[in-house]
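S.K.: My questions will all concern the structure given below.
The values are calculated or read from the model by the stated rules, or taken from the named source; none is laboratory data. Here the structure is a predicted model, which is why all the values come from computation and not from measurement. When we count neighbours, we look across all protein chains shown, and the Cβ atoms used for this are built from the backbone with ideal geometry, even at glycine. When the accessible area is computed, the model is the full protein with side chains, heavy atoms only, and any ligands, DNA or RNA have been set aside. Shrake-Rupley method; radii C 1.70, N 1.55, O 1.52, S 1.80 Å.
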Amino acid sequence: MSGKRLAWALPHVLAHRCGGALAPENTLAGLRLAARLGFRVVEFDVMLSADGTPWLLHDETLERTTNGRGPLAATADRVLAGLDAGAAHHPAFAGEPLPTLAAAAALCQQLGLQANVEIKPAAGRAAETGEVVARCVREFWAGHPLPLVSSFSRAALDAARASVAELPLACLYEQVDDDWRQRVAELEAATLNVDAKRLDDGVLASAREAGIPVLAYTVNDVSAAHALRRRGVQAVFSDRLDLFAGF
Ligand code: G3P
Ligand code: MG
């Protein structure tokens, strides 16, 4: 089994949601902080607005992390552009904008960060989101090493691959299913990304045999990360940039 090669070396830690402990998650402030602390690779979540534009957001709705209301998928770009995505984390970040994928891509390139773009489709929009995000990634990263593109959604990953065949993909699972090896092979996936809590050693042994690196989320304890590394995990996703700088 041989996946599409990433044009950059996998690290031992990725800043999860740009690093959501010290800075507001999925924001440009998070990217800046991750770079300042020496992280090389960041993960962030991407969803489509009512206008079909990719924005960085984890939840389907805006309430937890911004001063907006309702589903991002039902909100127009002109409304999203005026939202505050910082104050909900801490008043010191008031005024931090909700970023578009275009803005995040430009800042990653400026800061020398590589990315794992996680496609997070709103309900009923999996194929559309996969296709649009894949095309945008190709456009926004033109002339730069492509990010790793992942999704829990099979339909989103299939659509991404159908639109942009050269994208390095990651199969992302809460719990790997029985046909994960077949999925990895058909997508020519570069990595297998899994929930650290549900990762068993049989999967790690099969992944090692297949030559596919395993990335585990979300690990906020350094000793737990060392234990996962000893079991064969290549990298962990962590929110705790304060603890994992230099890991
Ligand atoms: O991609 C790894 C991880 O981000 C998946 O979980 O819910 O934080 O997007 P979530
Ligand atoms: Mg994510």
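S.K.: Considering the dipole of the chain built from charges on the beta carbon (Lys and Arg +1, Asp and Glu -1) around the Cα centre, which of L56, A127, G68 is farthest to its positive end?
M.R.: Ranked along the dipole, the leading option is L56.
S.K.: So, with +1 on the Cβ of K and R and -1 on the Cβ of D and E, and no other charges, what is the size of the charge dipole of the chain about its Cα centre, to the nearest 20 debye? Please list the in-between numbers first.
M.R.: Numbers: 24 positive and 29 negative charges, 126 e Å.
The calculated dipole for the chain is roughly 600 debye.
S.K.: Could you report the chain's accessible area per residue, 1.4 Å probe, as an integer in Å²?
M.R.: Per residue, the chain has an accessible area of 42 Å².
S.K.: Nearest 0.05, what FRET efficiency do S223 and D51 give at R0 = 30 Å with Cβ-Cβ as r? Please report the intermediate quantities before stating the final value.
M.R.: Values: r = 45 Å, r/R0 = 1.50.
FRET efficiency, S223 to D51: 0.10.
S.K.: Something else about it: Would region 1-130 count as rounded, prolate or oblate if I go by the C-alpha gyration tensor, calling it rounded below 1.5 in a/c and otherwise prolate when a/b exceeds b/c, oblate otherwise? Show your work: numbers first, answer last.
M.R.: On the way: a/c = 2.09, a/b = 1.21, b/c = 1.73.
Oblate shape, in that a/c is at least 1.5 and b/c is the bigger or equal ratio.
S.K.: At a probe size of 1.4 Å, how large is the accessible area of L6, to the nearest 10 Å²?
M.R.: 30 Å²
S.K.: Same structure again: Could you tell me what percent of the accessible area of the chain is made up of carbon and sulfur, with a 1.4 Å probe and every protein chain present?
M.R.: Taking all protein chains in place, the chain shows 50 percent carbon and sulfur surface.
S.K.: Tell me which residues come under 5 Å, amide H to amide H, from D195 once H is placed; ignore anything under 5 positions away on its chain.
M.R.: Close amide H contacts, sequence-distant or interchain: Y173, Y217.
S.K.: Something else about it: At 7 Å along Cα-to-Cβ for each site, give me the label-to-label distance between Q109 and R64 in nm.
M.R.: Output for this residue pair reads 3.1 nm.
S.K.: Evaluate the charge dipole of region 65-182 about its Cα centre and quote only its size in Debye, nearest 20, assuming +1 on the Cβ of each Lys and Arg and -1 on the Cβ of each Asp and Glu.
M.R.: Numbers: 9 positive and 13 negative charges, 48 e Å.
Roughly 220 debye, rounded to the nearest 20.
S.K.: If Lys and Arg each add +1 and Asp and Glu each add -1, what is the summed charge of the other residues whose beta carbon sits under 10 Å from the beta carbon of G70? Intermediate results must be reported in sequence, preceding the final value.
M.R.: Working: positive: R69; negative: E60, E63.
Local net charge: -1.
S.K.: Compare the Cα positions of G232, P168, G211 along the charge dipole of region 165-247 (+1 at Cβ of Lys, Arg; -1 at Cβ of Asp, Glu; about the Cα centre) and return the one farthest towards the positive end.
M.R.: Farthest towards the positive pole: G232.
S.K.: Let me ask something additional. Given that compact globular proteins tend to follow 2.2 N^0.38 Å, what is the ratio of the alpha-carbon Rg of the chain to that value? Don't jump to the answer; show the numbers that get you there.
M.R.: Details: Rg = 16.9 Å, N = 247, 2.2 N^0.38 = 17.9 Å.
My calculation over the Cα atoms of the chain gives 0.95.
S.K.: Looking at region 35-119, which GluC sites (Glu not before Pro) are in a loop (DSSP not H, G, I, E or B) and have at most 12 other Cβ atoms within 10 Å? Let's see the in-between values first.
M.R.: Working: sites: E43, E60, E63, E118; in loops: E60, E63.
For GluC sites (Glu not before Pro) across region 35-119 that sit outside H, G, I, E and B with at most 12 neighbouring Cβ atoms in 10 Å, the list reads E63.
S.K.: Taking θ = phi - 60°, what integer Hz values does the Karplus form 6.51 cos²θ - 1.76 cosθ + 1.60 yield along region 59-68, in sequence order, with x for Gly and Pro?
M.R.: Result, rounded to whole Hz: 7, 5, 10, 8, 4, 5, 10, 9, 8, x.
S.K.: Output the antiparallel fraction of DSSP beta bridges having both residues in the chain, as a percent to the nearest 5.
M.R.: Working: 6 of 32 bridges.
Bridges in the chain are about 20 percent antiparallel.
S.K.: Still on this structure, I have one more. Between A87 and R231, what is the FRET efficiency for a Förster distance of 30 Å, r being their Cβ-Cβ separation, to the nearest 0.05?
M.R.: Numbers: r = 40 Å, r/R0 = 1.32.
Efficiency at R0 = 30 Å is approximately 0.15.
S.K.: From the Cα trace of region 106-182, what convex hull volume per residue do you get, rounded to a whole Å³? List each step's numbers first, then the result.
M.R.: Numbers: hull volume 7.8 nm³, N = 77.
Dividing the Cα hull volume of region 106-182 by its residue count gives 101 Å³.
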